[in-house]
Each structure stands twice: as C-alpha cells, then as structure tokens.
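Chemist: Dropping a structure here in structure tokens format, bear with me for questions.
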Amino acid sequence: MALLEVKNLTKNFGGLTAVGDVNLELGESELVGLIGPNGAGKTTLFNLLTGVYEPSEGTVTLAGDILNGLSTYKIAAAGLSRTFQNIRLFKNLTVLDNVLIAMGTRKKSRLFASFFRLPAYYKQEAEMKKEALELLAIFDLDVKQASLAKNLPYGEQRRLEIVRALATKPKILFLDEPAAGMNPQETAELTALIKQIQQQFNITILLIEHDMSLVMNVTERIYVLEYGRLIAHGTPDEIKNNKRVIEAYLGGEA
Ligand SMILES: Nc1ncnc2c1ncn2[C@@H]1O[C@H](COP(=O)(O)OP(=O)(O)OP(=O)(O)O)[C@@H](O)[C@H]1O
C-alpha cells in the first residue's frame, strides 16, 4: 500500500477547477517531483494535501487513514509537513527559536513539569535544543543560531524553512519551490541537501520546482499538471521526452 494515496482529488473555485480529478501515490522514502506551468494547480494541490483547503471531491489517505476534513494542525501531527512558496518564518525570533517552536508542535508538552519548572522540564528543553542544533548543522545554520531570522540572507531563510518543516519529524515533506530566488550555486547546494535529507531521515518528499535541472537531478518520478489535470507521470527521462509535457511548457512560454 502507498504511504499517501490521492484519489480523484478536485478543487473548484467558483467556475474554475484549480485541481481536477487528480490521482497520485507516494511510497515510503520516495523523492517525487510535481511540475507544471504557472497556474497549473501545484500549490492548490499542496494546500489540499495539507488541509489548507477542503477538497470539492476526492480523498487523501495516509497509511490507510483518510485525512479529508482534518485541520492543518491535525494533518501536521499525522506526519505531513511543508514549506511555503513565500517564506513564512518568525522573522523577529532567532534561528534557534524558529526551530524550537516547530518542535514544540510535536512534543507532548508536559504542562505540569513546565509550569513548576521541574527537572523533567529542563531535561526536555536541553534535549530539544540539542536536536535543533543538530538539524541546523546539516544546513550549515548552527553558527547562525542566535541571529534573527529576518537578518539571514535569502538563501539561508529558505534553508531555515526546510529545517523548521523537518523539526516536526514528518513522514512526508512537501517542498514548494525551495530554490525560488536562489542563485545557481545555492540551487546546486540545495539539490544535494534535499537528496541528503531524504536518505538520512528516510522520509518521503514531494517537490514542486520550476528549476528543471533540480527536479530532473533529484527525483525518482515526476507528476506533471496542466490546468489542474495530470497530463503525465514517469521517470525524469520519460518526462523530458514526453511530447505532451513539452507542448505544455512551450505553450506556456508562447
Ligand atoms: N484561493 C483561490 N481562489 C480562486 N482561485 C484560486 C485560488 N488559489 C488558486 N487559484 C487559481 O487556481 C489556479 C491554480 O493556481 P496554483 O497557485 O495552484 O497554481 P501553481 O501551479 O501553483 O502556479 P505557480 O507555478 O504560478 O505557483 C490558478 O488559476 C489560480 O489563479
């Protein structure tokens, strides 16, 4: 059974079908791409998968459990985590606090211990900090732990977003254009990092990306959307040579 199963997923905004009858599956520890021209419905699909929108039709199932209708919080707790196209950090908090807050959403807060500042509270705090710094180190951000998020260069803010998403210990990570606005060197570094975290954490990743070289280099399979419909699905080589996909992209640029 697939880890995530999407069946006949549809989202209508008035008369516009932003996502229409989409079927897709994600297996354990797979790195899968989601591409398509501007306005194809990629972000809407992410919003459906993470509970931001309720589907007009269809189902999203995680390891056999239906997720439709659950709040974003419950879906995150079930193991689905994401980054946003527009960076959404706590800009006036430190890099470390940004990660600790994300971790806090998964820890069963021991209210009693935290209220009375019992030893268990300090132990948990110390463990979380250690874990946060280990995660930050993977992204070369541990040295910036005390910087305010708003003072990081753009590429580092994007990396911090991924750290925050990983801090919730997801089963599946949705990355919405993680390389947007990055220069070629930053993009190449990020490509290697995405591959690394998928293997190191053994998680499933669905990646929306406009940078074709990034998608083609790291993913095992790719889904292609156009006008809300899936028009192709296959390996990077199959997608590269797919006539329908080439037409969709050329049409978009014409
Ligand atoms: N909340 C909304 N209300 C109405 N229409 C919407 C809404 N969100 C998205 N749309 C429309 O749905 C379609 C799909 O948009 P979406 O942002 O999902 O595409 P996308 O593939 O992520 O595009 P891009 O690559 O430009 O980010 C577009 O026509 C968009 O205008």
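Chemist: Which one of these is surrounded by fewer than 20 Cβ atoms within 10 Å (Cβ to Cβ), in contact (Cβ under 8 Å) with a residue 12 or more places away in the chain, farther than 19 Å from residue 205 by Cβ and in contact with a Pro (Cβ under 9 Å, 6 or more places away or on another chain): 68, 38?
Modeler: 68
Chemist: Ok, one more. Would you check which residues across segment 221-250 are in contact (Cβ under 8 Å) with a residue 24 or more places away in the chain, over 20 Å from residue 45 (Cα atoms) and open to solvent by 50 Å² or more (accessible area, probe 1.4 Å) and list them?
Modeler: 240 - this is the single residue of segment 221-250 that is in contact (Cβ under 8 Å) with a residue 24 or more places away in the chain, over 20 Å from residue 45 (Cα atoms) and open to solvent by 50 Å² or more (accessible area, probe 1.4 Å).
Chemist: Output the residues belonging to segment 1-39 that are outside any strand (DSSP E or B) and farther than 19 Å from residue 81 by Cα.
Modeler: 1, 14, 15, 36, 37, 38, 39 - these are the residues of segment 1-39 that are outside any strand (DSSP E or B) and farther than 19 Å from residue 81 by Cα.
Chemist: So, one more: Determine if segment 120-127 includes at least one residue that is surrounded by 13 or more Cβ atoms within 10 Å (Cβ to Cβ) and either modelled with pLDDT of 85 or more or within 16 Å of the chain's Cα centre (by Cα) (or both).
Modeler: no
Chemist: Moving on to the next point. Got at least one residue in segment 49-64 being within 16 Å of the ligand (Cβ to nearest atom), modelled with pLDDT of 95 or more, within 24 Å of residue 157 (Cβ to Cβ) and not β-branched (Val, Ile, Thr)?
Modeler: Yes: one or more hits.
Chemist: State whether the residues of segment 17-35 include one that is surrounded by fewer than 22 Cβ atoms within 10 Å (Cβ to Cβ), modelled with pLDDT under 95 and within 16 Å of the ligand (Cβ to nearest atom).
Modeler: no
Chemist: Do you know which of the residues in segment 1-15 that are within 13 Å of the ligand (Cβ to nearest atom) and in contact (Cβ under 8 Å) with a residue 40 or more places away in the chain is surrounded by the fewest Cβ atoms within 10 Å (Cβ to Cβ)?
Modeler: So the residue we want is 12.
Chemist: Right, another one. Suppose we keep only residues that are part of a loop (DSSP other than H, G, I, E, B) and open to solvent by less than 30 Å² (accessible area, probe 1.4 Å) within segment 71-86. Which one would you say is farthest from the ligand (Cβ to nearest atom)?
Modeler: Looking at residues that are part of a loop (DSSP other than H, G, I, E, B) and open to solvent by less than 30 Å² (accessible area, probe 1.4 Å), I get 79.
Chemist: In segment 201-220, how many are within 16 Å of the ligand (Cβ to nearest atom), open to solvent by less than 20 Å² (accessible area, probe 1.4 Å) and either among the small types (Gly, Ala, Ser) or touching an Asp or Glu at 6+ places or on another chain (Cβ under 8 Å) (or both)?
Modeler: Number of matching residues: 3.
Chemist: Could you say which residue among 198, 185 is surrounded by 18 or more Cβ atoms within 10 Å (Cβ to Cβ) and closer than 30 Å to residue 167 by Cβ?
Modeler: Of 198, 185, the one residue that is surrounded by 18 or more Cβ atoms within 10 Å (Cβ to Cβ) and closer than 30 Å to residue 167 by Cβ is 198.
The values are calculated or read from the model by the stated rules, or taken from the named source; none is laboratory data. What you are looking at is a predicted structure, and each value in this text was computed from that prediction instead of being measured. Note: ideal-geometry Cβ built from the backbone for every residue, glycine included; neighbour counts use all protein chains shown. Accessible surface is based on the protein model in full, side chains and every heavy atom, while ligands, DNA and RNA are left aside. Shrake-Rupley method; radii C 1.70, N 1.55, O 1.52, S 1.80 Å.
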